[in-house]
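Peer 1: I'd like to ask some things about the structure below.
The values are calculated or read from the model by the stated rules, or taken from the named source; none is laboratory data. For clarity, every value in this text was computed on a predicted model and none was experimentally measured. Here Cβ is always computed from backbone atoms with ideal geometry, including for glycine, and neighbour counts include all displayed protein chains. The area values use the complete protein model at the heavy-atom level, side chains included, leaving out ligands, DNA and RNA. Shrake-Rupley method; radii C 1.70, N 1.55, O 1.52, S 1.80 Å.
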Amino acid sequence: MGITELWKLVSPSTEGQTLTEFALEGLKGHVQDESSLSMMTVGVDASAWLYAICKLQAFQLGHAQSGKNLELQTLIYKLITLANAPVHAHFIFDGEDRPTIKRSKQELLQIFGFTWAMAKGEAKADLAFLSKAGKIGAVLMEDSDALLFGAENVLRL
């Protein structure tokens, strides 16, 4: 996924920060929760996240410590990590022309208090649109494709 070597090409213009450091800089794209705390909204390519988790599961399938439901364990761990950052995550799933995602994962996102939507096509294109429109402060993803769609801030997982 992503364009080979693009991260290497853009690396001179990048800055290494944690998600928390980035969010606390006060970029646009804030929402307020019930206690009136302001948080940066980050868009997440849900399909890419789930793909990476499945890839990890395939890699660790034979590992003695992997246990049952490694995919679910990894997803919950990532959601807990994201929930502990001062951000509100908005997940975008690829649209109709993409592989279907089980509804239970979308319900899990809601349990954590995250929002989600279904893209009409590629999730990364919708995330770039939300970034350019100032609706989200950053796109959180593993590959670099959102840059090509015009996302203003892309945070690499």
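Peer 1: Would you mention how many residues in the range 87-100 are assigned to a loop (DSSP other than H, G, I, E, B) and either modelled with pLDDT of 90 or more or under 18 Å from Leu155 (Cα atoms) (or both)?
Peer 2: 0
Peer 1: Hey, could you check the range 143-157 for residues that are in a loop (DSSP other than H, G, I, E, B) and among the hydrophobic types (A, V, I, L, M, F, W, C) and say which is surrounded by the most Cβ atoms within 10 Å (Cβ to Cβ)?
Peer 2: In this case the residue turns out to be Ala151.
Peer 1: Taking the residues in the range 127-142 that are open to solvent by 10 Å² or more (accessible area, probe 1.4 Å) and within 12 Å of the chain's Cα centre (by Cα) as candidates, determine which candidate is modelled with the lowest pLDDT.
Peer 2: Among residues in the range 127-142 that are open to solvent by 10 Å² or more (accessible area, probe 1.4 Å) and within 12 Å of the chain's Cα centre (by Cα), the one modelled with the lowest pLDDT is Glu142.
Peer 1: Condition first: part of a helix (DSSP H, G or I) and either at pLDDT 85 or above or of a type in the set (Asp, Glu) (or both). Now tell me which residues in the range 101-126 satisfy that.
Peer 2: Glu107, Leu109, Gln110, Ile111, Ala123, Lys124, Ala125, Asp126
Peer 1: In addition: Do any residues in the range 119-147 that are farther than 20 Å from Thr18 by Cβ have Cβ atoms under 6 Å from those of residues that are assigned to a loop (DSSP other than H, G, I, E, B) and of a type in the set (Lys, Arg), where the two are at least six apart or on different chains, and which pairs are they?
Peer 2: Listed by first residue and then by second, the contacts come to Gly134/Lys28.
Peer 1: Moving on to the next point. Somewhere in the range 1-17, is a residue modelled with pLDDT under 80, farther than 18 Å from Phe114 by Cβ, under 15 Å from the mean Cα position of the chain (by Cα) and surrounded by 12 or more Cβ atoms within 10 Å (Cβ to Cβ)?
Peer 2: yes
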